[in-house]
1. When you check residue 549 against the structure, is it surrounded by fewer than 23 Cβ atoms within 10 Å (Cβ to Cβ) and either in contact with a helix residue (DSSP H, G or I) (Cβ under 9 Å, 6 or more places away or on another chain) or under 19 Å from residue 278 (Cβ atoms) (or both), yes or no?
2. (1) surrounded by 19 or more Cβ atoms within 10 Å (Cβ to Cβ); (2) within 17 Å of residue 142 (Cβ to Cβ); (3) touching a helix residue (DSSP H, G or I) at 6+ places or on another chain (Cβ under 9 Å): which one isn't true of residue 74, the others all being true?
3. Mind counting the residues in the range 109-128 that are surrounded by 16 or more Cβ atoms within 10 Å (Cβ to Cβ) and either touching a helix residue (DSSP H, G or I) at 6+ places or on another chain (Cβ under 7 Å) or not assigned by TED's automatic domain parsing to the domain that holds residue 139 (or both)?
4. If I go through the range 269-300 residue by residue, how many of them are out of contact with any strand residue (DSSP E or B) (no Cβ under 9 Å at 6 or more places or on another chain), surrounded by 13 or more Cβ atoms within 10 Å (Cβ to Cβ) and over 16 Å from residue 484 (Cα atoms)?
5. Quick check: anything in the range 195-217 in contact with a strand residue (DSSP E or B) (Cβ under 9 Å, 6 or more places away or on another chain), modelled with pLDDT of 95 or more and either surrounded by 15 or more Cβ atoms within 10 Å (Cβ to Cβ) or under 18 Å from residue 123 (Cβ atoms) (or both)?
6. Suppose we filter 344, 325 for residues that are closer than 24 Å to residue 308 by Cα, touching a helix residue (DSSP H, G or I) at 6+ places or on another chain (Cβ under 9 Å), assigned to a helix (DSSP H, G or I) and assigned by TED's automatic domain parsing to the domain that holds residue 453; which single one remains?
7. Pairs under 6 Å by beta carbon, first residue under 11 Å from residue 100 (Cβ atoms) in the range 10-25, partner in a loop (DSSP other than H, G, I, E, B), six or more apart or different chains?
8. Across the range 476-500, which residue is modelled with the lowest pLDDT among those that are out of contact with any strand residue (DSSP E or B) (no Cβ under 6 Å at 6 or more places or on another chain) and either within 13 Å of residue 351 (Cα to Cα) or assigned to a helix (DSSP H, G or I) (or both)?
């Protein structure tokens, strides 16, 4: 959508986020994956601002040694002259956008006076706040100075639009409005601070939503500063947006303003030229998961890997918000049904999240190492037998198959027998792969529902309290490869402003379960009629209680385990074919509208 101002002035878009060149959580994925689509539209008139943490920036940032004569370069020079430490360069990701990073140390000595000013002008309380809030205030101040200098020097020739993501980037936004700086502002909240806290602590949160007193609750949870920053940013921005209709309902109550627009999240989607290619990848990475499963379970008992389905869930550790409680409850019901029906299918469920642990469980590592040892021994035997069989076949006058046992040395026979013997054990396969610092809701629920990997259980649990990366010795896969190797992603969240995890399944051709309380699930229901036929299942958490939702999820999983392999392959094709909808090049238009609206209002 072209703006009405495009004929008169050049436009420059600046996106500001705490996670530019600084991977902390989900916003990093939003910003980073969106860059190529933004650069395609804005080209050199696009800039990102972030905090400078040398250790994190080292891998992703390439400095421009001498600032250029662009408006950005001139403003960087001016800030440096004023004594601020400012880094200017490129973010080394697809699209290579220009970035300006601020060293927060530059303003730490001014922190008290910055806070005093925020209290005087906006009644923002910052006494005794945690260190993170102090860092964001320092960042916000440097952003404010940068944008003020930029507008003072160049607003006659250029229309500036500054897009702030989340409260952590936005402490300077209220003053830009207060000082009437010639910059159009957009603020996007990706989740509300209060929503996250209340949803996991107050039963029936959504029903009680209209009746919360935001200030009372913010003080109760000790997040008054964060909630106030969020509220001030929402109220003072020219255009206020959020990522889903689900979160929009919270904004009105907690932030005192209804969002002007909803900006759904996308991904930078690589399509395969050959349709079957992603099916091949599924088979390839499933082999790696098979190996893990053999190492983890087969030392005690075995099951048919050809009849095994891999389910997974992942995300930050919010036991009820992320629906981990619902998932485990539904799995316990599924397990009972599969046992009653005498099914020979096995489901292995991976619960992947982040919790404090001391180390990987030594027994789990030991079992995996012994399995690798068995594989090595078998490969050596295979080589030896192969060579000797070839010689025997070539030199024999008989055309019968000789006794292959006679081709194996005693050394290898003994070694194989010993390794297998020391590998086998009577102990049940552990349901948690790491040595946790303490018991948590996950381990308690697993024990309560008795999903402890008994041989007769059709549903097995692997709780992996660390995110999956290629350096991980258990899977030897990175997260996206792990997702491709699974059969189903399960994310029936109770509180989920957007939900990248089910979207990541969709773009990799993996069917997924989401909920109508997740922004992604809500969006799917709005844009698509036959989503279930396309391999996206939506659990109703809006109108059902926990027990009803657990039943619905158990039914979804029950239908899934009874599908034929052919039906599952067709479903993967259908899932992959809708990925296009979520490509940033298609979703960027929502952002274009937000930026145009802010520029109009700034006029």
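The values are calculated or read from the model by the stated rules, or taken from the named source; none is laboratory data. What you see is a predicted model; the values in this text were computed from it and never measured. Methodologically, a virtual Cβ is constructed for each residue, glycine included, from the backbone with ideal geometry; neighbour enumeration extends over all protein chains shown.
1. When the stated conditions are applied, residue 549 does not pass them.
2. In the conditions (1) surrounded by 19 or more Cβ atoms within 10 Å (Cβ to Cβ); (2) within 17 Å of residue 142 (Cβ to Cβ); (3) touching a helix residue (DSSP H, G or I) at 6+ places or on another chain (Cβ under 9 Å), residue 74 misses (1) alone.
3. 6
4. So the count comes out to 5.
5. Checked against the condition, which is being in contact with a strand residue (DSSP E or B) (Cβ under 9 Å, 6 or more places away or on another chain), modelled with pLDDT of 95 or more and either surrounded by 15 or more Cβ atoms within 10 Å (Cβ to Cβ) or under 18 Å from residue 123 (Cβ atoms) (or both), the range 195-217 yields no hits at all.
6. 325
7. 21/60
8. This residue is 500.
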